[in-house]
1. Specify which of the listed residues (B:L200, B:L191) is surrounded by 20 or more Cβ atoms within 10 Å (Cβ to Cβ) and either among the basic types (K, R) or within 14 Å of another protein chain (Cβ to nearest Cβ) (or both).
2. Kindly list the number of the only condition in (1) at pLDDT below 85; (2) on the phi < 0 side of the Ramachandran plot that fails for A:G104.
3. Show me the strands (runs of 3 or more DSSP E) found entirely inside the range A:148-220 where at least 2 residues are within 14 Å of chain B (Cβ to nearest Cβ) and closer than 25 Å to B:L140 by Cβ.
4. Among the candidates B:A164, B:A228, single out the residue that is in a helix (DSSP H, G or I), crowded, with 19+ Cβ neighbours inside 10 Å and modelled with pLDDT of 95 or more.
5. What tally of residues in the range A:204-216 results from selecting those that are closer than 19 Å to B:R136 by Cβ and open to solvent by 10 Å² or more (accessible area, probe 1.4 Å)?
6. Test A:S176 against the criterion of being closer than 26 Å to A:V34 by Cα and either open to solvent by less than 30 Å² (accessible area, probe 1.4 Å) or at pLDDT below 95 (or both), and give yes or no.
7. Only one residue in B:T206, B:T144, B:T182, B:T160 is within 25 Å of B:G6 (Cβ to Cβ), among the β-branched types (V, I, T) and away from chain A (no Cβ under 14 Å). Which one?
8. Condition (residue is within 30 Å of A:V149 (Cα to Cα), in contact with a helix residue (DSSP H, G or I) (Cβ under 8 Å, 6 or more places away or on another chain) and charged (D, E, K, R)) applied to the range B:68-88: is it met by at least one residue?
Amino acid sequence: MPKLVLKFGNSVLREVTVGQNEVSIGRSPENAIVIDNPAVSHIHARVFNEEGRLMLEDFGSLNGTFVNGQRVKMVTLKAGDSVGIGKHTIVVSESRDLDDPFSGNGKPAVAAPKLNETVMLDTKERRKFLEKVRATGESAQVAPARLKVPTLVVRRGRTDQAEYTLNDKLTVIGRSAMATVKLKGWFAPKAAAQINRRDDQSYYIGAADRVPSVNGQPIAQPTKLAPGDIIDVAGVHLEFMYRD
Amino acid sequence: MQLEYGAQSDTGCVRETNEDSYRAVPEMKLFVLSDGMGGLECGEVASRIATDTVVEHCRKADANGSLPLLGEPLEGVSALTNRLASAVHAANRAVHSTAQETAAGRPMGATVVAVRLSGERMSLVNVGDSRVYCLRGDDLQQLTRDHSFVAEQVRSGQMTHEQAGSSQLQNVLVRALGIDPTVEIDVSEELLLPSDTVLLCSDGLTRELSDAEIRAVLLDHEDAQEAANRLIDLAKQAGGGDNITAIVVRPQAKTLTAWGRIGKWFRS
């Protein structure tokens, strides 16, 4: 049974056997192989079995899928092929895993990858963790809890960046020098609104010179933000989310 | 910005001693309030040590930037905020060691709330059930969480606000200075607008007055000292069951200058 080996540089991050279920590849956590990199589309490509052939299909991704250096839309894969997605490589190999009870014994293949199964970041820490895991002889499939980065993404309006990571306990939205989310324009308020991180790591939006709306509702008091919430204040729309 | 503040503390109508202490240090834009616990003179001593230690630690750090930080350094907050948290760790150690040495094992503790202003940023620390509020426009928000048993019950949904208000267990704190060699501190940063009003107070005020009453007083009085005095008076009229302390801070004085008065006259 064919196997996909996800690599970053020389490190092997993951191995996934392609059974009857297709293996989706992308940045979203729903994918069987998650590659957390901005160059990778949310659902980037898929690999699946079709009449005994192993197929790769690119879902019109922005930055493309490459097989042995050639950009592809849909191709048949063979053992030894190298699939390039962003800075990551997926190498196709024939599984010789003797522990796999289903390999070559004629039984129907089981779906190897479960949804939401594993995540790998190509950050330094994650790689270090993986090395440590491998050194102790444990399976590299045991991934630590995914790092969630609270983020504001600008959906509308004029700001100095397209998105902001909420690193600080206090995040100010406005024209002020202390503002993290810097509003542009002469008539932007110095401090339109503030976001506070509380001790339970939740984020609350509160009014300053303006009363923000969350999902279209003006807030009456500091309001806890949930992923997907749209903050509307001083002419900008900001989506709150957790980046992986 | 011309900072204005007013502060007042009162024994109340029932207690014999005032175990609350406060320090207002406008040149450092630092305001500290503590409510002491423990019989005899212990409460007074504890709250005095707490407020003094916070101020002195910050003062030393202002003079000597390399003064070591006590406690774990915090991420995502300013150096001033880190220092204020460090000052509370210092206060905890001071109260704790005094309790060990003098009180002969008698329980001795204190709450603390402190704010330090720096431009539009306000550093805020809290241990116990003293409170910090912010009035913005006509909206009053409590910026601190009470570290009391009933407040925790309310937060976890085990108790309603009303039940908490009439509970016999209101005095039970789950965190205080001086109880253990280390303490967990709530640390936050707040945006401060020039027109905001910040109130620090002990539970003697909030037991007697509702948030709506406090809000009305802060809105009614342009002068910060008058506002503080009025809060104390109202709390005493309502029973004054405990010591009452209030510090009212305005980053920008609402009192009108001569030009402001002329402008107002023209507008009227």
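The values are calculated or read from the model by the stated rules, or taken from the named source; none is laboratory data. Here the structure is a predicted model, which means the values were calculated and not measured. Quick reminder, even Gly has a Cβ in these numbers, built from the backbone with ideal geometry, and neighbours come from all protein chains shown. These area figures cover heavy atoms from the full protein model, side chains too; ligands, DNA and RNA do not enter into them. Shrake-Rupley method; radii C 1.70, N 1.55, O 1.52, S 1.80 Å.
1. On the way: B:L200 fails: either among the basic types (K, R) or within 14 Å of another protein chain (Cβ to nearest Cβ) (or both).
The unique qualifying residue is B:L191.
2. So the condition that A:G104 fails would be (2).
3. Working: elements: A:149-156, A:163-165, A:170-174, A:193-197, A:203-207.
Because the criterion is at least 2 residues that are within 14 Å of chain B (Cβ to nearest Cβ) and closer than 25 Å to B:L140 by Cβ, the strands (runs of 3 or more DSSP E) in the range A:148-220 that meet it are A:170-174, A:193-197, A:203-207.
4. Details: B:A164 fails: modelled with pLDDT of 95 or more.
Being in a helix (DSSP H, G or I), crowded, with 19+ Cβ neighbours inside 10 Å and modelled with pLDDT of 95 or more holds for just one of B:A164, B:A228, which is B:A228.
5. Keep residues of the range A:204-216 that are closer than 19 Å to B:R136 by Cβ, which gives A:204-214.
Next, only the ones that are open to solvent by 10 Å² or more (accessible area, probe 1.4 Å) stay: A:204, A:207-211, A:213-214.
So the answer is 8.
6. Values: closer than 26 Å to A:V34 by Cα: no; either open to solvent by less than 30 Å² (accessible area, probe 1.4 Å) or at pLDDT below 95 (or both): yes.
Answer is no for this residue.
7. Values: B:T144 fails: away from chain A (no Cβ under 14 Å); B:T182 fails: within 25 Å of B:G6 (Cβ to Cβ); B:T160 fails: within 25 Å of B:G6 (Cβ to Cβ).
So the residue among B:T206, B:T144, B:T182, B:T160 that is within 25 Å of B:G6 (Cβ to Cβ), among the β-branched types (V, I, T) and away from chain A (no Cβ under 14 Å) is B:T206.
8. Yes, there is a match, as at least one residue in the range B:68-88 is within 30 Å of A:V149 (Cα to Cα), in contact with a helix residue (DSSP H, G or I) (Cβ under 8 Å, 6 or more places away or on another chain) and charged (D, E, K, R).
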